[in-house]
Amino acid sequence: MFVRQWLRDRRKRLRLEEFVSELNESLRAPRSRKGEAEARYEVTERLSKDGMLRLFDFSVERQAGKEGGAAPWQVRLSLKQEAWARRRRYDGFVLLVGHEKLPHTTAELALLYRAKDAIERGFRVIKSEIELRPLYHRADEKIRAHVTICMLALLLERALESRLKAAGRPMPAATCLESLASCCLDRYPRDEVLERYYSVTRPDSEQQAILKSLGLTELTDIRKVCERITPRDA
């Protein structure tokens, strides 16, 4: 947590310095119409957005311009060292306050608080890896169906990770699915007749170990697979 928070604010500082550099470059442009007020507004807005308004001082001053031309405005940004050091003192620390009448122990309250992180990570997974994209459905039923499918996909991912962990092979679901990506059920015609035939990709040792951990080794047995599928003409 300490490293994550420290790196987060460091990246914010670098992006802020880049923002000021680009702003100064635009202010120096011959046709720039930005003045002192506009520059102050943009810098204040950016500092406020990044939660760094109390960590920096800035000024907007006239710089030496070309002979006969108007001197451009430029932004000077300076870090408040004491304020920055004071914020860094709390990196990696969390204070949890519970009601005195709660029956839970300190450890139980900490676990309850941390449990919410799993829920938040789940929604991030839905929006990124599972790709819950903007919904353009008009009917409420279709929207609910779309979100339900995404939630079922998340449940499947969590079940994969839980089984792998219980079997002593902990790994992210994305890694598991990537390892098994080449395992396929193939369908092909034979002797130019309409009847379809099936074959299963032979897994390598790593894939076989993963399937064994998941209790899904029957998926590599073509006879058992064919017992559970119905051939399609299409």
Completion exercise
With the first residue restricted to region 152-164 and required to be not assigned by TED's automatic domain parsing to the domain that holds K127, and the second required to be part of a helix (DSSP H, G or I), Cβ contacts under 9 Å at 6 or more apart or on different chains are none
Handout entry: Failed criterion for R10 (all others in (1) touching a residue at least 60 places away in the same chain (Cβ under 8 Å); (2) out of contact with any Gly (no Cβ under 6 Å at 6 or more places or on another chain) hold)
Key = (1)
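Conditions tested, residue by residue: (1) in contact with a Lys or Arg (Cβ under 8 Å, 6 or more places away or on another chain); (2) at positive phi; (3) modelled with pLDDT of 90 or more.
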| site | (1), (2), (3) |
| --- | --- |
| A29 | no, no, no |
| K34 | no, no, no |
| Y41 | no, no, yes |
| T44 | no, no, yes |
| R54 | yes, no, yes |
| Q74 | yes, no, yes |
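Let me confirm something: among R158, R124, R144, which residue is in a helix (DSSP H, G or I), in contact with a Gly (Cβ under 8 Å, 6 or more places away or on another chain) and over 30 Å from F56 (Cα atoms)?
R158
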Practice task
Return a yes/no flag: does region 187-197 have any residue that is surrounded by 14 or more Cβ atoms within 10 Å (Cβ to Cβ), β-branched (V, I, T) and either modelled with pLDDT of 90 or more or out of contact with any Lys or Arg (no Cβ under 6 Å at 6 or more places or on another chain) (or both).
Solution key: no
Practice task
Go through region 1-120 and tell me which helices (runs of 4 or more DSSP H), entirely inside it, have 2 or more residues that are under 28 Å from the mean Cα position of the chain (by Cα) and within 30 Å of R158 (Cβ to Cβ).
Solution key: 2-28
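The values are calculated or read from the model by the stated rules, or taken from the named source; none is laboratory data. Here the structure is a predicted model, which is why all the values come from computation and not from measurement. All Cβ positions, even for glycine, are placed from backbone atoms using ideal geometry, and neighbour counts span all protein chains on display.
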